[in-house]
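The values are calculated or read from the model by the stated rules, or taken from the named source; none is laboratory data. Please read these numbers as outputs of a predicted model, since none were measured by experiment. All Cβ positions, even for glycine, are placed from backbone atoms using ideal geometry, and neighbour counts span all protein chains on display.
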Amino acid sequence: MAVIEVANLHKRYGRQVAVDDVSFTVERGEIFGILGPNGAGKTTTVECVEGLRTADSGSISVLGLDPRRDESELRRRVGVQLQKSELPEKMRVGEAMELFASFYPGPADGDKLLDDLGLTGKRGTAFNKLSGGQQQRLAIALALIGNPEIAFLDELTTGLDPQARRDTWELIEGIRNRGVTVVLVTHFMEEAERLCDRLALVDEGRVVAIDTPAGLVARVDGGGQRLRFRPSVPFPDQLLTDLPEVTEVAHTASQVVVTGQGNLLQAVSAALARHDVVALDLRVEQTNLEDAFVALTGRQLGDES
Ligand SMILES: Nc1ncnc2c1ncn2[C@@H]1O[C@H](COP(=O)(O)OP(=O)(O)OP(=O)(O)O)[C@@H](O)[C@H]1O
């Protein structure tokens, strides 16, 4: 059952088109990702869905409600990760948790949440005395304190170190396992790949594809694998392009990059061996969401131009 339905959403800021005909649905209990480079329109889209912004046109339904008209009911049923600037600097962690819990009819166990997020020892610490990562974790705790049916998490792990990032991913999986639907805005490919059941790839205000991470990766030409190596002696590309497993042979300054599927490694190694070519520094890589994004948009995820 869809808990969020967005159809033909448009939003501009002056002449700047931020969201250009975006449509998607989010099913109950899934982690739905919105992945795209900076400025793609992710935050604007989610803020319209949360009822924090008014779209220029299009329709949005959240839990069967209209985010603008039914704002007060939705506030009780969804959790939104606040941006740092939205919390008073002097407010202590424990006070923030109690204040936010008081807004909801059936709040979650705040002590347990602080414990899960590694903030138990920080109850008495003021917000502006927390590290960036701790502030981020508090924002997540506050988004979850109301026991929401849907949690909107925007740039969840930005500013966290790798260990804290992995801990946060586990926490989010735990939330999903309790039946909460999660909408995750991110520009981290690894985060999207690891966490999301389905995701919308967005670029320049448009949805370029919606699928599972594996489904998106499978759309890359020859989806699957890539080999990189330094040949001991030059050889003609045809040696490999003749193989049914190979879809493409490309060259960098010193390396050969072979894309393909099936028993690619075995087929390429055997063909090279037959012609006395040794593959030095051989690496096998799986194609990933970054490749899918490049294949679908012609741009890198991290490319802000
Ligand atoms: N309040 C605003 N006024 C004017 N332009 C805005 C405003 N907010 C966003 N924009 C512009 O709209 C476009 C989409 O921005 P948005 O923040 O939605 O993208 P995003 O994908 O969330 O990016 P990021 O990952 O950097 O947050 C960008 O070109 C941005 O500069």
Worksheet item: Out of segment 39-65, which residues are within 12 Å of Val202 (Cα to Cα) and of a type in the set (Lys, Arg)?
Response: Lys42
Worksheet item: Residues in segment 7-28: is at least one in a loop (DSSP other than H, G, I, E, B), touching a Leu at 6+ places or on another chain (Cβ under 9 Å), in the same structural domain as Leu199 (by TED's automatic domain parsing) and within 16 Å of the ligand (Cβ to nearest atom)?
Response: no
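Residue by residue, here is whether (1) surrounded by fewer than 18 Cβ atoms within 10 Å (Cβ to Cβ); (2) more than 15 Å from the ligand (Cβ to nearest atom); (3) at positive phi holds:
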position	(1), (2), (3)
Leu144	no, yes, no
Leu153	no, no, no
Gly174	yes, yes, no
Leu184	no, no, no
Phe188	no, no, no
Glu193	no, yes, no
Ala200	no, no, no
Val207	no, no, no
Arg219	yes, yes, no
Item to complete: State which residue is modelled with the highest pLDDT when the search covers only segment 258-305 and only residues that are over 16 Å from Gln238 (Cα atoms), of a type in the set (Val, Ile, Thr) and part of a loop (DSSP other than H, G, I, E, B).
Response: Val278
Worksheet item: Regarding Thr252, is this residue outside the structural domain of Ile145 (by TED's automatic domain parsing) and among the β-branched types (Val, Ile, Thr)?
Response: yes
Discussion item. Please go through (1) surrounded by fewer than 21 Cβ atoms within 10 Å (Cβ to Cβ); (2) at pLDDT 90 or above for Ser85 and return the number of the only condition it doesn't satisfy.
Written reply: (2)
Discussion item. Condition (residue is assigned to a helix (DSSP H, G or I), buried (at least 21 other Cβ atoms within 10 Å of the Cβ) and among the basic types (Lys, Arg)) applied to segment 100-115: is it met by at least one residue?
Written reply: no
Worksheet, complete the sentence: Within segment 29-61, residues part of a strand (DSSP E or B) and within 12 Å of the ligand (Cβ to nearest atom) come out as Ile34, Leu35
Worksheet item: Which pairs have Cβ atoms under 8 Å, sit 6 or more apart or on different chains, and link a residue in segment 41-53 that is closer than 12 Å to His10 by Cα to one that is within 6 Å of the ligand (Cβ to nearest atom) and assigned to a helix (DSSP H, G or I)?
Response: Arg53/Thr44
Worksheet item: Under 6 Å by Cβ, and 6 or more places apart or on different chains, what pairs join a residue from segment 63-75 that is not assigned by TED's automatic domain parsing to the domain that holds Leu9 and in a helix (DSSP H, G or I) with one that is surrounded by fewer than 17 Cβ atoms within 10 Å (Cβ to Cβ) and not aromatic (Phe, Trp, Tyr)?
Response: none
Practice prompt. Scan segment 226-240 and report the pairs whose first residue is within 14 Å of Thr252 (Cβ to Cβ) and whose second residue is of a type in the set (Ser, Thr, Tyr) and surrounded by fewer than 14 Cβ atoms within 10 Å (Cβ to Cβ), with Cβ atoms within less than 7 Å and a gap of 6+ or a chain change.
Written response: Arg230/Ser254
Discussion item. Restricting to segment 64-115, and then to whatever is hydroxyl-bearing (Ser, Thr, Tyr) and out of contact with any helix residue (DSSP H, G or I) (no Cβ under 8 Å at 6 or more places or on another chain), can you tell me which residue is farthest from Gly51 (Cα to Cα)?
Written reply: Ser102
Discussion item. Among (1) within 16 Å of the ligand (Cβ to nearest atom); (2) surrounded by fewer than 20 Cβ atoms within 10 Å (Cβ to Cβ); (3) not small (Gly, Ala, Ser), there is one condition Glu95 misses while meeting the rest; what is its number?
Written reply: (1)
Item to complete: Collect the residues in segment 233-257 that are hydrophobic (A, V, I, L, M, F, W, C) and either surrounded by 18 or more Cβ atoms within 10 Å (Cβ to Cβ) or not in a loop (DSSP other than H, G, I, E, B) (or both), keeping them in residue-number order.
Response: Leu239, Leu240, Leu243, Val246, Val249, Ala250, Val256, Val257
Practice prompt. Starting from residues that are of a type in the set (Val, Ile, Thr) and part of a loop (DSSP other than H, G, I, E, B), keep the ones in segment 186-232 and report whichever is nearest to the chain's Cα centre (by Cα).
Written response: Thr212
Response to the item:
Given (1) crowded, with 18+ Cβ neighbours inside 10 Å; (2) within 13 Å of the ligand (Cβ to nearest atom); (3) modelled with pLDDT under 95, Leu160 misses just (2)
